[in-house]
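Notes to accompany the following structure.
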Amino acid sequence: MTEQTELNYGPLAGLIGAWAGDKGEDIAPEPEGEENNPYYETIVFEAIGDVTNAESQRLVVLHYRQIVSRQSDKKVFHDETGYWMWDAERDRVMHSLSIPRAVTLLAGGKARKEAGATVLEVSAKLGDSDWGIIQSPFMRDNAKTTAFAHTINVSSNELIYAQTTMLDIYGRSFEHTDKNVLTRQ
Ligand code: HEM
């Protein structure tokens, strides 16, 4: 793994750095209905270099850490980490994430240019043989993540994201959504 900052990070390049935003909107499940949590957060993307797989696939990689706090009590209520990877030859963007509920996933997708911004779109589905979701037996039985879709739109000083996590919880299917607008720090 080389850690050269002069590597070409392609569509991931615009993410590198520290971001903060306080316009977050979280919709999360409750036994009866849903909770609505306005939030603020920081996300730090660090360029960590390239890797070679099976002597033939070359990925450039960012590591990120996202820390999210409720506006109401200023407490951290979501802590996430993972990698964004770009395979230039196959024109593929990949996003792995872990959250401390014993849920982890690998989402795959594409990047495109749109009106001067870069749009990254990835998704994963439970049981998908390419882009899947892994969770503990407890979560599988009680709060199952069945699908995940995430879009980031990044321009020089603004990062906008929206994500939907589909859950089977409390005997029903629930659309758990999060979105925010962040500025470069
Ligand atoms: C900004 C991002 C996110 C925020 C702020 C957030 C927040 C929340 C909140 C407030 C709950 C309700 C339970 C509680 O009060 O602790 C919840 C539940 C849950 N979230 Fe998230 N979440 C985020 C992203 C994700 C992602 C990316 C996943 C998985 C891919 C995920 C999976 C779950 C699961 C499985 C539950 C059900 C657990 C339960 O309610 O008992 N969340 N989330």
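We did not get these values from a lab; they are worked out from the coordinates using the rules stated. Since we're looking at a predicted model, the values are computed, not measured. Methodologically, a virtual Cβ is constructed for each residue, glycine included, from the backbone with ideal geometry; neighbour enumeration extends over all protein chains shown.
Brief remarks on what is shown
- Calculated FRET efficiency for the pair I16/T164, C-beta based, R₀ 30 Å, to 0.05: 0.75
- Most mobile listed residue (T52, T104, T145) in the chain, GNM with C-alpha springs under 10 Å: T52
- Computed E for K23/T52 - FRET, C-beta separation, R0 35 angstrom, nearest 0.05: 0.35
- From its DSSP helices (H runs of at least four residues, each -39,500 (n - 2.57)), the chain gives a residue-normalised ellipticity at 222 nm of -500 deg cm²/dmol.
- Around T151: net Lys/Arg minus Asp/Glu count, Cβ-Cβ under 12 Å: 0
- Point-to-point label distance, N157-S98, nm (Cα→Cβ direction, 7 Å offset): 3.6
- Volume in Å³ per residue [convex hull over Cα atoms, computed for the chain]: 127
- For the chain, lysine pairs separated by 8 or more sequence positions, or belonging to different chains, with Cα-Cα distances below 27 Å total 16.
- The label point for D91 and the one for E175, both projected 7 Å from the Cα toward the Cβ, are 3.0 nm apart.
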